Amino acid sequence: MELLIYHANQCDPKRCTGKKLERFKLARTTKRWNKLRGYLVLSPFSEKALSPADRFEVGRGLAALDCSWDHAEEVFGKMRLKERALPFLVAANPVNFGKPFKLSTVEAFAAALVILGERPQAEEILAKISWGHVFLELNREPLEEYAAAKDSTEVVAIQAEYL
């Protein structure tokens, strides 16, 4: 599945998982948000949770916005795209380790890929990050449950059990 990243240049380039995915040719980046049209955008502000049913909504692929969490609402608020929110998951990245919903770009893509039935691709992108395997270990059970859900409503119900 194609992965596209809108890069806002708000993070430390040495720690940027989006840039790392680009270096390994596992994702493309853009600085123009209009390039995200036709993609299913992962957004923490979406009203609808990502579910396996969205497999048919992906279009050209998955997109993520790589920006600082301090500016996320401002950046996401500017865009009107087809978007979905990831359900409750815990970050494994060193900056936000153990914090719910504070995923890095690679974690967000990996979670979405697992939920959409593309686990091998999720494992491939996480393998490029030293702590990548930890994300799947920390979230094994909820990811399996979300991936088995039939729709967004069921994903939200499963999420409620974890919250």
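Report the trypsin sites (Lys or Arg not before Pro) located in the stretch 116-161 that are in a DSSP loop and have at most 13 other Cβ atoms inside 10 Å of their Cβ, or state none. Spell out each step's value before the answer.
Working: sites: LYS128, ARG140, LYS150; in loops: LYS128, LYS150.
Those that pass, being in a loop and sparsely packed, are LYS150.
Using 0.36 nm per residue of separation minus the Cα-Cα distance, give me the extension gain between TRP33 and PHE101 in nm, one decimal.
Details: separation 68, 0.36 × 68 = 24.48 nm, distance 2.27 nm.
Here the segment from TRP33 to PHE101 would lengthen by 22.2 nm.
Taking every pair of alpha-carbon atoms in the chain, give the share separated by more than 24 Å as a whole percent.
Details: 3352 of 13203 pairs.
Tail of the P(r) past 24 Å holds 25 percent of the pairs.
Find how much the distance from ARG60 to LYS25 grows on full extension, using 0.36 nm per residue of separation minus their present alpha carbon separation; answer in nm with one decimal.
Values: separation 35, 0.36 × 35 = 12.60 nm, distance 1.68 nm.
The ARG60-LYS25 span can extend by a further 10.9 nm.
Can you tell me the length gained on complete extension of the stretch ALA53 to GLU123, counting 0.36 nm per residue apart and subtracting the Cα distance? Don't skip to the answer; put the middle values down first.
Details: separation 70, 0.36 × 70 = 25.20 nm, distance 2.11 nm.
Result: 23.1 nm gained on full extension.
With contacts defined as alpha carbon pairs under 8 Å and 6 or more residues apart, what's the relative contact order of the chain in percent?
Values: 287 pairs, mean separation 41.4, N = 163.
That works out to 25 percent.
What residues have an amide H closer than 5 Å to that of LEU89, excluding those fewer than 5 places away on the same chain, when H is modeled at 1.01 Å from N in the peptide plane?
PHE101
Points 7 angstrom from Cα along the Cβ direction at ALA148 and TYR162: gap in nanometres?
Between ALA148 and TYR162, the simple spin-label model gives 1.4 nm.
For the chain, what is the number of Lys pairs with C-alpha distance below 12 angstrom, counting only pairs 8 or more positions apart or on separate chains? Write out the running numbers ahead of the final one.
Values: LYS19/LYS128; LYS20/LYS128; LYS25/LYS128; LYS48/LYS82.
So the count works out to 4.
Looking only at GluC sites (Glu not before Pro) in DSSP loops with at most 14 other Cβ atoms within 10 Å, what is the longest site-free stretch of the chain?
58-163
Please list, in order along the stretch 127-136, the HN-Hα scalar couplings obtained from phi with the Karplus expression 6.51 cos²θ - 1.76 cosθ + 1.60 (θ = phi - 60°), rounded to whole Hz, x for Gly and Pro.
Residue by residue, the stretch 127-136 yields 5, 7, 10, 4, 9, x, 5, 5, 4, 5 Hz.
All of the numbers you see were taken from the coordinates with simple rules; none came from a lab. If you're wondering where the values come from, they're calculated on a predicted model, not measured in any experiment. Cβ atoms come from the backbone with ideal geometry, glycine included; neighbour counts cover every protein chain shown.
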